[in-house]
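Reviewing the structure listed below.
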Amino acid sequence: MVRRLPGFTAETGQTARGFAGTAGNVLVDGARPTAKTDDIFVILGRIPAAAVARIEVIRGGATGIDMQGLSIVANVVRRPGAARSLVLAANNNFIGDGGQAPGGVFEYHGESGGIRYDATLARTTQNWDDAPGTGYRLLRAPGGPAQYDGHQRRGIMKLGWQATGALATPLWGREWSSNLMLLTSNYSSSVLYAGYGGARFDTIGGKRQGEFGSRWQGDIGPFNLEALVLQRLNREDTSNTAAQPSGDSVFRGLNNSGESIGRATLRYAPRPELELRGGGEAAYNFLDGRTSFVNNGVPTALPNAILSVNEKRGEIFGQANWRVAPAWMLEGGLRLEFSTIADGNGLSRSFFYPKPRLLLSWTPDPDYQARLRVERSVGQLNFSDFVASSNLAGFGVAAGNSNLRPDQRWQYELTAEHRFRGQGALTVSLLHEEITDLQDFVPAGGGLDAPGNIPSATSDRLAITGTLPLDWLGLEKALLRPKLTWWASNLADPVTGEMRRISNQRDRDISFEMTQDLDSLKSTWLLGIIPASFNRTTWRIAQVNRVAIHAPYLYASWTYKPSADWSLLLQLDNALPYRFEYRQWLYSGPRDTGGAPTLQDGFTRTEPRLFVQVRKTWN
């Protein structure tokens, strides 16, 4: 339902510590879901269609709705008193090399006496690598002969189990809701080279996660109070091995992390056209990381190989939503963030950042809206960057850096939106960012590099999205959804001083989707294509890595509902197997002094995947 909203693209939000600034753009019953581990698509998938009363799209802000700092949100409003339902689904992933990854889910949803409860148990199968297949690697050293290897990439699925439970019950005149999630997943992958010398790279990993969240919202006199708490615990271990003609290497890592959050928001509407909001958030995060690296049987010391780090972070905020005139909406706010990060060696650093925000919306009539946003956003430090890491088949080993600073961005965004023909919509958005302390890779000494800060950078993004009804072509209930995004950026390379774009930033993302409801066949079909190739490049101290996807990428799905309680889903991904390119420029030393590089080209012809699901519902 949410994916069909005209002019709206659901976003999962950002992965960061705390709640502030991480929300996706979909609300449930006017509030953001308390869970952080599951993205919004997973949460929406647990809400039966029969339990949905309506879905609202709110643009530019509205009194009584927490926009979570976003310009546009969708609000899924559930129907009170929905009947009990039991759902069983069985599915399988068929991979082009003959592999399979079966899974399934059990769901129970119910409501009785004002108490709503949900439970799920699932065998999860998550695709985590789009580039398995067969191909070749070509290595060309300066002045030397070309070396050719055939290669295979294997392992694309994370397999695990997930259990969730949720309960919502009346309390003090309003609703108190809680949710619990337990997750386990394992993954493995291999890269095999055969030919000139040969080599093998293997990665094995496992993750265990737990999460509990609780939320209450109610009225206290003329005020509305929302309070929530959340606790998360994670444990992840990885093993990365390499067997090459030059020798063997083994990298191992174990990370234990956790997060505790408390947040309260107080709302007051002195007049119908004005709402005031204020509150605070406190969060505590920790990471205990241990890594080891053995090269040709000799243990090798790594900076920050063993590290314990914790962060105490607080934020206070105030905001006002004011409908200045029937066609004008103004939202202004200020968040004050302060944090202290300390490591196990007794060293600590403190940060303070004010984050103002202004959003002005103009809606001259229901079919047109223009929005101007000016905001200072501050990123968060990734604790994993404090500890050494590896990808022996790719960049090798990177040191950790506990002296990182979060990036700060002044964002200026202008958006224009036009809605037409009922379901039609066209949105054009232009974003410019002035960035301070951008996080990238910088020299760390000893021939290694590590995550670090670049003093300044700029980034620009042009995004065009649309929903175009095709009934004028005789295709009833058919929609075409184009999505076109281009990025450009600029910074001074910390090794060479030359100007380049931001590491790991794509140059473009272009896709088209077409869907149609066929009521006579009780079916819905979808066809999507990414017609344009794209690439992203990462610059390191002694290498440059570029990943390129050579189009087209084609996917399709068909949903058949012979009755209200049965459904069949067939989904084909990578129908025309695309070509994956991985190119490396390898220098004997830093890129500014390392002479001519060795060039390594890897090409993989990927494999298609077919997902099949049968779903049965009992009401």
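Taken together, the values in this text are just the output of simple stated rules run on the coordinates, not laboratory data. For clarity, every value in this text was computed on a predicted model and none was experimentally measured. Here Cβ is always computed from backbone atoms with ideal geometry, including for glycine, and neighbour counts include all displayed protein chains.
Okay, here's what the table says:
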| item | result |
| --- | --- |
| Relative contact order (%) - the stretch 402-486, alpha-carbon pairs under 8 angstrom, separation at least six | 27 percent |
| Pairs of lysine residues in the chain - Cα separation under 27 Å, sequence separation of 8 or more or cross-chain | 15 |
| Summed side-chain charge close to Pro494 - residues other than Pro494 whose Cβ falls under 13 Å, Lys, Arg +1, Asp, Glu -1 | -3 |
| Model label zone, Ser588; criterion: amide N under 12 Å from point 7 Å along Cα-to-beta-carbon; scope the stretch 141-168 | 142-144 |
| Relative packing of 306-313, 318-325, which averages over residues the other C-beta atoms within 10 Å, highest first | 306-313, 318-325 |
| The chain - charge dipole about Cα centre, Lys and Arg +1 at Cβ, Asp and Glu -1, debye rounded to 20 | 560 debye |
| Rel. contact order, % - alpha carbon contacts under 8 angstrom, at least six apart, the chain | 10 percent |
| The stretch 291-359 and the stretch 158-230: distance between their alpha carbon centers, rounded to Å | 21 Å |
| Nearest-0.05 FRET efficiency for Asp601 and Phe420, computed from C-beta distance (R0 51 Å) | 0.60 |
| Label-point separation in nm, Val229 to Val612, each point 7 Å along Cα→Cβ | 4.8 nm |
| Selection from His109, Leu438, Gly213 lying farthest towards where the dipole of the chain points positive, charges on Cβ | His109 |
| Sites Leu167 and Asp460 - FRET efficiency at Förster radius 45 Å, r taken between beta-carbons, to 0.05 | 0.45 |
| Spin-label proximity, Gln408 to the stretch 287-314 - amide N less than 16 Å from point 7 Å beyond Cα toward beta carbon | none |
| Between the stretch 245-288 and the stretch 113-152, the alpha-carbon center distance in angstrom | 28 Å |
| R0 of 25 Å, Cβ-Cβ distance Ala141-Asn296: FRET efficiency to nearest 0.05 | 0.75 |
